[in-house]
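Contents: one structure, followed by commentary.
Bear in mind these aren't lab numbers, they're just calculated from the coordinates by the rules spelled out. From a predicted model like this one, the values you see are computed outputs, not experimental measurements. Virtual Cβ from ideal backbone geometry, glycine too; neighbours counted across all protein chains shown.
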Ligand code: ATP
Ligand code: MG
């Protein structure tokens, strides 16, 4: 490809309001443009990168026997009503009506549709297992589209679905996906971890996420050297316990102290000797969630116990407890109470449900009843539950995930098969997603330097960026043309910058675009008979004879 013919509008300045490195660089390198919040246009180079990633995904999915199909983006609401997700999913789902007044939705994912298909087409155990996939557009009205292509409202997803006769066959389909995913992320050249995850809205029991470490990520994982790795949404750790004071419930005046910090300062004690009581509202009424004062509530863990919930308003708290927010505690409240397991041990200070008062010396489980469960957030430095090491917590981008769904979708949609004896059973399913745009952005986040993008070779838009310093110089131009055609003949995808612009701009663009190898043909090449070669990652330099340059560069690329 010749740069003079390629549309890649590069920019010197970062786009306004961009924070993530990948967001800035994808716009500056002319890969994408934003149409509206969370809606991106992929320009030719951006599209080329996505296609490279999709090709790797296709190859690896095909290699595990998955078959590509394509399902519509628009669905009748009815299918989503049958699984209940039409109601369970709120504003994230785009909804519309067709001209006949029928309710329709835009697909956020395709469990419903693929199961609808399986319900009609799969009959017998002889047809199992089946794994079907597509690489297709998903639409989600994300609450906070941000960070460029990392969280958009329209995005490409590889989604695959497995259908098996029993749990052990599902284990096999799951394992095959784990292997395919590992190969995909390795081939794409990004660093990643596979971690335990929360099945969330997909339902089902077992799930893992593939996480690319990056400060631009919105997820956090707790990790240990022993191999334990889990999303903080469900990660566990061994808490530390202080020496607790003697029990004996006693009311103390704490006139203006409401927050954990204020009360612990006022009573001259540590936050670990207090209970943080958080009032939340659920469909079944209010509930009180309690964690130790020095710890944080993990909403997702609480959600698995009480379902959807929101914080109570100060007015609601006043009505339920009789006191202002800041003096809430479990005593005397006849509502559902969930206490973190850490509170099973110790004596604590709690809110008295009376303005200006707290109570000291309270023993959870004795002075008040509660359901004890792990609802606290793990912290870096806490001990791993599997070994004696300390956990670390890292920020990551979720690039893919896999779920064992079981019969969550096949039962409501009546997707069954007949076994050897003609008996009917629900299909056992799995569902598996990957976001190609997130892989591209993660690669940029992980490898970029101050000059621009540094692509892993497999997903770079071109392998070689050939800079022809002065196109007006006939000798330089002839050499560049020769090297260019030899590179192409060696199967090396090359972008030749033959534009009639300043060399400084060309070199800056080459660094911004981040192709793995830059080859320069300039004045020195004419006099020395050698082309200058620089590896983008690390900056290693070489000089190769003009005639041998293409072969040498191809060899060099093999080592990257
Ligand atoms: P997140 O927790 O980040 O919202 P998710 O759990 O909703 O992700 P899935 O529904 O499982 O994601 O989608 C599968 C994959 O699709 C994700 O692993 C991610 O790579 C990609 N993906 C999901 N949402 C988006 C989005 N809004 N923009 C870009 N890619 C996305
Ligand atoms: Mg999401």
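Quick notes on this structure:
- Compactness of segment 176-321 - radius of gyration and Dmax, Cα, Å: 20.4, 63
- Ranked 228, 215, criterion: other C-beta atoms within 10 Å, fewest first: 215, 228
- Taking 268, 159 and counting other C-beta atoms within 10 Å, the order from fewest to most: 268, 159
- Across segment 314-395, the relative contact order, built from alpha-carbon pairs under 8 Å that are at least six residues apart, equals 25 percent.
- Share, in percent, of DSSP beta bridges within segment 410-560 that are antiparallel, nearest 5: 60 percent
- For segment 53-141, alpha-carbon Rg and Dmax in angstrom: 15.1, 43
- A quarter of the convex hull surface defined by the alpha-carbon atoms of segment 437-476 gives 4.0 nm² as the mean projection.
- On the beta carbon distance between residue 98 and residue 41, with R0 = 35 Å, the FRET formula returns roughly 0.80.
- Computed label-point distance, nm, for sites residue 17 and residue 262 using a 7 Å Cα→Cβ extension: 3.6 nm
- Spatial separation of Cα centroids for segment 376-410 and segment 488-522, in angstrom: 42 Å
- Modelled spin labels at residue 215 and residue 182, positioned 7 Å past Cα toward Cβ, are 3.1 nm from each other.
- The modelled label-to-label distance between residue 123 and residue 472, using points 7 Å beyond Cα along the C-beta direction, is 7.6 nm.
- Span per principal axis, largest first, for the Cα atoms of segment 281-339 (Å): 29, 28, 19
- Using alpha-carbon coordinates, inclination of helix 167-188 to the longest axis of the chain, degrees: 50 degrees
- Dividing the summed -39500 (n - 2.57) terms of all DSSP H runs of n ≥ 4 by the residue count of the chain sets its mean residue ellipticity at 222 nm at -8000 deg cm²/dmol.
- Share antiparallel - DSSP beta bridges, the chain, percent rounded to 5: 80 percent
- If a spin label sat at a point 7 angstrom from the Cα of residue 524 along the line to its beta carbon, the backbone N atoms of segment 452-475 nearer than 15 Å would be those of 467-470.
- Translational diffusion of the chain, estimated by Stokes-Einstein from the Kirkwood radius over alpha carbon pairs at 10 °C in a medium of 1.306 mPa s, is 58 µm² per second.
- The long axis of helix 111-121 is offset from the longest Cα principal axis of the chain by roughly 80 degrees.
- Neighbour-count ranking [beta-carbon atoms within 10 angstrom, fewest first] of 313, 254, 559: 559, 313, 254
- Angle of helix 474-489 to the longest C-alpha principal axis of the chain, folded into 0 to 90 degrees and rounded to 10: 60°.
- Within segment 146-187, backbone nitrogen closer than 17 Å to the virtual label 7 Å beyond the Cα of residue 419 toward Cβ: 164-171
- Against the rule of thumb 2.2 N^0.38 Å, how large the Cα Rg of segment 105-216 comes out: 1.20
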